[in-house]
Amino acid sequence: MSKYFFCAIAGSGMSALAQILKMEGHEVCGSDRSFDNNQNLDIKEKFEKNGIKTYPQNGIGITKDIDFFVISTAVEETNPEYEKAKKLGLKIIHRSEVLSEYVSRYQTIAVAGTSGKSTTTAMIWHILNESGLNPSVINGAYINSIMNEKFLGNAYGGKGKWLVIEADESDSTITRYKPKIGLILNITKDHKPIEELKKIFSIFISNSQIAFINEEDDNCKAIATKKQNIRLFGKETLNAQIIKTDIFHSQFKIADIDFHLPIGGLHNIENAIAAISVTKHLGLSLKDISKSLLSFKGTFRRMNLVGEVNGIKIIDDYAHNPAKIEAAVKTVIGACKRAIFIYQPHGYAPARMFKNDLVEVFSKLRKEDILIMPEIYYAGGSVTRDISSKDIIDETIKKGVKAFYFPNRQDIKTFISENIKKDDIIMVMGARDNSLNLFAKEIHRILYEKNLKAINK
């Protein structure tokens, strides 16, 4: 067994790999600057319960007995641990190299695309697991059914031959993976321009033994060459009939088999169709797949109901790029008379890239809806901070949207408390910042106490 040190261990991809290596019996330790800033302490606590030791990110944990010093793209070469690892001559490897080794070792299903990866990965894993195949999973999001006091829920080491992974395209490392089955859900503007993404996903297709491509996405179709390894999927291919979808439930039919999905939104039906297409290809029957999906509990911070007070629902969601936000907004608007959307941009570079697209998405809000934005999330490091959430809000107001900017996120709670109405839906959206879930819970607590005082008067 080897000793691994993860620099930036709290990241979604890094934490999953750290846990699965620990499950296999390796010695795993690491650091994260968020821990040093008293953030993500729930993650740190679970690591420690799992026997993963954490250190301050100042180099103190870097020793000669480390076999592999693991970094992500977010780790700068000026990081004190990186510098010490180089000085000691440690073997420095990228997160994607560790994941590539797992992809090669298992019969791997790699789920790619710019939206829906985490949920679809979780669905495929859940279907295979419910079918008795005991697969492993390495995901970007926590899977609600495997979250517990010890494990985060984004990794599980099964005993079977199958591994399901979320294959992230943000740093182009997806081109390193050579899975048995590659799945591309969609290609929309996200971390990179569309044309660059097409090139990256084209390499991913070539590296996959079989590639499932969404025939209903124009950018996917553009790279779906006539290679023998390509399989097209979509509602038309499966002859799927959508019956209904609301905020927490979806129903559709395929070949006279009814599917009841315990999560809402048209986008999640599309995710389910992708998962069904792949698992059906593996020989599972539609009837068994349908039965498996009945017990699917979803993924953390994907349209999760935090609580309900006096008809007011508080929902937490990871939506952060224009396509994901639009899908979430459509789902919520269809379920209420008024919605309050709280969106925190997840970085300065994405805010610059998406500014006009975000304004366009939010301009579709109804006149009664409210948009609230705190300042852009800053995780630390060397970034150019030349844009503000206020810039996006100002442009959105010009479109006639009722929009508000709050430099201090805590002030939003007072605004909500003073302006909330019965049967409103509050949706908190944003990526990277794990405290957003706690923020949504705090809003629920405040509204619960306010309602309790009104009852007791």
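Readers should treat all values here as calculations from the given coordinates under stated rules, not as data from a laboratory. Not measured: the values here are computed from a predicted model. Every residue, glycine as well, gets a Cβ built from its backbone with ideal geometry; the counts of neighbours run over all protein chains shown.
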Separation of the range 12-70 and the range 320-388 by C-alpha centroid, Å? 32 Å
When you count, for each residue, the other Cβ atoms within 10 Å and take the mean per peptide, how do 360-368, 285-293, 121-129 rank with the highest first? 121-129, 285-293, 360-368
Can you list the aspartates and glutamates whose alpha carbon is less than 16 Å from that of Lys227, not counting same-chain residues fewer than 8 positions off? Glu215
Within 13 Å, Cβ to Cβ, of Asp386, how many net charges do the neighbouring residues add up to if Lys/Arg are +1 and Asp/Glu are -1? +3
What is the packing order of peptides 9-16, 63-70, taking the mean over residues of other C-beta atoms within 10 Å and listing the highest first? 9-16, 63-70
Please list 393-405, 427-439 highest first by mean number of surrounding beta-carbon atoms within 10 Å per residue. 427-439, 393-405
What fraction of the DSSP beta bridges in the range 106-293 is antiparallel, stated in percent and rounded to the nearest 5? 40 percent
Sticking with the crude label model, points 7 Å out along Cα→Cβ, report the distance from Lys87 to Ser170 in nm, one decimal please. 3.0 nm
Tell me, what HN-Hα J-couplings in whole Hz come from the Karplus equation 6.51 cos²θ - 1.76 cosθ + 1.60 at θ = phi - 60° for each residue of the range 345-362, using x for Gly and Pro? x, 9, x, 6, 5, x, 4, 5, 5, 9, 3, 5, 5, 5, 4, 5, 5, 6
Restricting to DSSP H runs of at least four residues, report the calculated mean residue ellipticity at 222 nm for the chain, -39500 (n - 2.57) per run over all residues, nearest 500 deg cm²/dmol. -11500 deg cm²/dmol
Arranged by the count of other C-beta atoms within 10 angstrom, fewest first, what order do Glu326, Glu196, Glu27 take? Glu196, Glu27, Glu326
quick note, the chain, DSSP beta bridge pairs, % antiparallel (nearest 5) is 25 percent
Treat each spin label as a single point 7 Å out from the Cα along the C-beta direction, and report the Lys355 to Lys150 distance in nm. 4.9 nm
From fewest to most C-beta neighbours within 10 Å, the residues Met373, Met1, Met303 line up as Met1, Met303, Met373
Give me the percent of DSSP beta bridges within the range 304-456 that run antiparallel, rounded to the nearest 5. 20 percent
12 Å Cα-Cα reach of Lys91 towards aspartates and glutamates, excluding residues that sit fewer than 8 places from it in its own chain: Asp65, Asp67
Starting from the 7 Å offset along Cα-to-Cβ, what nm value, one decimal, do you get for the label separation of Asp256 and Arg385? 6.3 nm
Residues His249 and Met23, FRET efficiency given R0 of 35 Å [Cβ-Cβ distance, rounded to 0.05]: 0.55
Largest to smallest principal axis extent of the C-alpha atoms in the chain, angstrom: 63, 57, 44
Considering amide H positions built from the backbone, and no H for Pro or chain starts, which residues 5 or more places from Ile342, or on another chain, come under 5 Å of its amide H? Ile372, Met427, Val428, Met429
With r as the distance between the Cβ atoms of Lys422 and Thr73 and R0 = 45 Å, compute the FRET efficiency 1/(1 + (r/R0)^6) and round to 0.05. 0.45
Residue span Arg366 to Lys198: 0.36 nm per residue of separation minus Cα-Cα distance leaves a gain in nm of 57.1 nm
Would you work out the charge dipole size for the range 304-456 about its Cα centre, treating the Cβ of every Lys and Arg as +1 and the Cβ of every Asp and Glu as -1, and quote it to the nearest 20 debye? 300 debye
